[in-house]
1. Using the charge dipole of the chain (Lys, Arg: +1 at Cβ; Asp, Glu: -1 at Cβ; taken about the Cα centre), state which of V85, L57, S69 has its Cα farthest towards the positive end.
2. Full extension from E88 to E49: what is 0.36 nm times the residue separation minus their Cα-Cα distance, to one decimal in nm?
3. Report the label-to-label distance for T121 and K75 in nanometres (one decimal), using points 7 Å from each Cα along the Cα→Cβ vector.
4. Placing unit charges on C-beta atoms (Lys and Arg positive, Asp and Glu negative, everything else neutral), compute the dipole magnitude of the stretch 1-64 about its Cα centre in debye, rounded to 20.
5. Considering only V97, G12, G40, whose Cα is most displaced toward the positive end of the charge dipole of the stretch 1-127, charges sitting on Cβ of Lys, Arg (+1) and Asp, Glu (-1)?
6. Top to bottom by accessible area (1.4 Å), largest first, where do V118, V127 land?
7. Using a Cα distance threshold of under 19 Å, what count of lysine pairs results for the stretch 1-134 when pairs must be 8 or more residues apart or interchain?
8. Pick from F105, F91, F38 the residue whose mean-square fluctuation is largest in a GNM of the chain, springs joining Cα atoms under 10 Å.
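The values are calculated or read from the model by the stated rules, or taken from the named source; none is laboratory data. All of these numbers come straight from a predicted model, not from anything done at the bench. Here Cβ is always computed from backbone atoms with ideal geometry, including for glycine, and neighbour counts include all displayed protein chains. When the accessible area is computed, the model is the full protein with side chains, heavy atoms only, and any ligands, DNA or RNA have been set aside. Shrake-Rupley method; radii C 1.70, N 1.55, O 1.52, S 1.80 Å.
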Amino acid sequence: MNKLPEAPKAIGNYTTIKQIGDLIYTSGHIPVTDTKKFIGKIPNEISIEEGYEAASLCAQLTISTLTSSNIELDKITPINIVGFVNSEENFKEHANVLNGFTDEFAKYFKDKSTRSAVGVTSLPLGVCVEVQCIFHHE
């Protein structure tokens, strides 16, 4: 596994992670770090392959958020993943983009979660993908 990027900070009046009972919710994570920014619509400005990489980065940032909050990964199970793909109107390969997220998660978690891949006309900062999750904590 690669070295994880630094966990993102909230850029508004919200928190990036919240635990209620045995459930953990993460806010939408976008593919932006100090060194990488995946900006644009898929597939015309960002390729499907770059979108896959962007979704993988979202997964790494989500893992960073969890671990920086002192959550032990072996004590949680992903339940649901919702991914938003900033895409052209006729784009139909949203799942191929979101596979970058779930393929990256498979490196950390043995159990699979449910997932939705949703096409949208825009996302914050013009990024190509945003992903939020729900986890069960033992």
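1. Farthest towards the positive pole: S69.
2. Full extension of this stretch gives 12.5 nm more.
3. My value for the distance between the label points is 4.5 nm.
4. 200 debye
5. G12
6. Listed by decreasing accessible area, they come as V118, V127.
7. 11
8. F91
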